[in-house]
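The values are calculated or read from the model by the stated rules, or taken from the named source; none is laboratory data. On a predicted model such as this, the values are computed, not experimentally measured, just so you know. Neighbour counts are summed over all protein chains in view; Cβ atoms, including those assigned to glycine, are modelled from backbone coordinates with ideal geometry. Accessible surface areas use protein heavy atoms only, side chains included; no ligands, DNA or RNA. Shrake-Rupley method; radii C 1.70, N 1.55, O 1.52, S 1.80 Å.
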Amino acid sequence: METKVLYTGKTHTTGGREGASQSSDEQLNIKLSAPGSSRPGTNPEQLFAAGWSACFIGALGIAASKQGIKLPADTAVDAEVDLCVTEGEYSLQARLNISLPGLDLETSKSLAAQAHQTCPYSKATRGNINVQLNIL
């Protein structure tokens, strides 16, 4: 089966966590700073959380349409990505806090579970980091 590439995001980063990143189309041009730093800039964990939550909302929309459900206009995902250290080894863990106003708890859980199976970020992290799905 042939894989069709739909899009390739390209960035150029210098300086690591205290550097800068710019996308090839110049739509993203950001300063980076370490978590908890008082320096201006964002960090990789925030960027990952933003990307994952945006993608997850798209996956929720696909899951909802397959079930004939209209996704609420004010659907939101608050992603929390933790940078952890255990015995000197760094890792990530995450929580996706999902708000589907107007949908009942069982429907919300079902859509979240389906989205978690199809979202590319969820697939990329599956089995690699601890991820909690929370329905708000």
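Quick look at the values:
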item	result
Choice from A76, A54, A124 with maximal GNM fluctuation in the chain (Cα, 10 Å cutoff)	A124
Helix-only mean residue ellipticity at 222 nm for the chain, each DSSP H run of n ≥ 4 adding -39500 (n - 2.57), per residue, nearest 500	-10000 deg cm²/dmol
Contour minus Cα-Cα distance for I135 and E26 (0.36 nm per residue)	35.7 nm
Accessible area of the chain divided out per residue, in Å², using a probe of 1.4 angstrom	65 Å²
Protection proxy ranking of 62-69, 94-101 - average other beta-carbon atoms within 10 Å, highest first	94-101, 62-69
Estimated inter-spin distance, T14 and R39, nm [label 7 Å along Cα→Cβ]	1.4 nm
Simple Cβ-charge dipole of the chain, Lys/Arg +1 and Asp/Glu -1, about Cα centre, in debye nearest 20	280 debye
Cα convex hull of the chain, projected area averaged across orientations, nm²	11.0 nm²
Most fluctuating residue given options S122, S33, S24, as computed from a GNM of the chain linking Cα atoms under 10 Å	S24
Farthest positive-ward along the chain dipole, Cα basis, beta-carbon charges - from T14, L60, N134	L60
Cα-based helix-to-principal-axis angle, 105-118 vs the chain, degrees rounded to 10	50 degrees
Rg/Rg_globular for the range 54-126, with Rg_globular taken as 2.2 N^0.38 Å and Rg from C-alpha atoms	1.25
Cα-based helix-to-principal-axis angle, 44-66 vs the chain, degrees rounded to 10	20 degrees
Gaussian network model of the chain, Cα within-10 Å springs - most flexible of Q22, Q93, Q117	Q22
Share, in percent, of DSSP beta bridges within the chain that are antiparallel, nearest 5	70 percent
Length-normalised contact order of the range 61-130 in % [C-alpha pairs under 8 Å, at least 6 apart]	30 percent
The range 13-131 - percent of accessible surface contributed by carbon and sulfur, probe 1.4 Å	52 percent
Residue-span extension gain [S99 to K70] - 0.36 nm each, minus C-alpha spacing	9.0 nm
